[in-house]
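Take a look at the structure set out below.
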Amino acid sequence: MIIFKEEHIKDLFAYCRNGLPNESCGLLAGTITDGVKTVTQIYYLKNIDESPEHFSMDVKEQFQAISQIRKSNLELIGNFHSHPSTPSRPSKEDIRLAFDPKLSYVIISLQDKDNPVINSFNIKEKTADIDQLVVE
Ligand SMILES: [Zn+2]
């Protein structure tokens, strides 16, 4: 299970809308207690691919975010990216590139821009399973 604050969801949707027509991406940090992840901090990173179909996080920004996460005594919980015109589920490429089974892979679909859809997935052994996402 992964828990978001409502304001985080609003910020995420706004950030991904602003990034259109391209995919947006970033990192999620927070705490993990008994397997329940609570997001407390979102790092909005540049998609250096500037593409509507894939993303690569800026390595320098990623490094800075990880260092801040450590300094704040938080954990890296997962990452997010948007799908400007496809559903909120991992593409074949997303599954192929998923490297850490402990991370949550959060995907925001803007297929319907006025009603974005957000889902979280655990990806291991090339299989993506939807995880419960709770908004508080
Ligand atoms: Zn994707």
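Worth a mention:
- Total formal charge among the other residues, if their Cβ is under 11 angstrom from that of Asn22, Lys/Arg +1 and Asp/Glu -1: -3
- Between Lys60 and Ser91, the C-beta separation translates, for a Förster distance of 25 Å, into a calculated FRET efficiency of about 0.45.
- Between Leu103, Leu74, Leu27, the Cα set farthest toward the positive side of the dipole of the chain (charges on each charged residue's Cβ, about the Cα centre) is that of Leu74.
- The calculated Kirkwood hydrodynamic radius for the chain is 14.8 Å, given to one decimal from all distinct C-alpha pairs.
- Computed about its Cα centre, the charge dipole of segment 1-132 is approximately 240 debye, with only Lys, Arg, Asp and Glu carrying charge at their Cβ.
- Kirkwood Rh in Å, taken over all unlike Cα pairs in segment 61-136: 13.5
- Distant alpha-carbon pairs in segment 48-92 (separation over 15 angstrom), percent: 56
- Within a Gaussian network of the chain (alpha carbon springs, distance under 10 Å), most fluctuating of Glu75, Glu93, Glu50: Glu93
- The chain, helix-only ellipticity at 222 nm - DSSP H runs n ≥ 4, -39,500 (n - 2.57), divided by all residues, nearest 500: -7000 deg cm²/dmol
- Paramagnetic reach from Ala14 (point 7 Å along Cα→Cβ, amide N under 19 Å) across segment 66-100: 80-82
- Of all beta bridges that DSSP places with both ends in the chain, some 70 percent have antiparallel geometry.
- Chymotrypsin sites (Phe, Trp or Tyr not before Pro) restricted to segment 71-105 and DSSP loop, no more than 11 other C-beta within 10 Å: Phe99
- Cα-only Debye scattering, segment 89-132: base-10 log of I(q)/I(0) at q = 0.31 Å⁻¹: -1.09
- Trypsin sites (Lys or Arg not before Pro) restricted to DSSP loop in segment 76-136 with at most 10 other C-beta within 10 Å: Lys126
Read the figures in this text as sums done on the coordinates, not as results from a lab. What you see is a predicted model, and the numbers here were worked out from it, not measured in a lab. Using ideal geometry, Cβ is built from the backbone for each residue, glycine included, and neighbour counts are taken over all protein chains shown.
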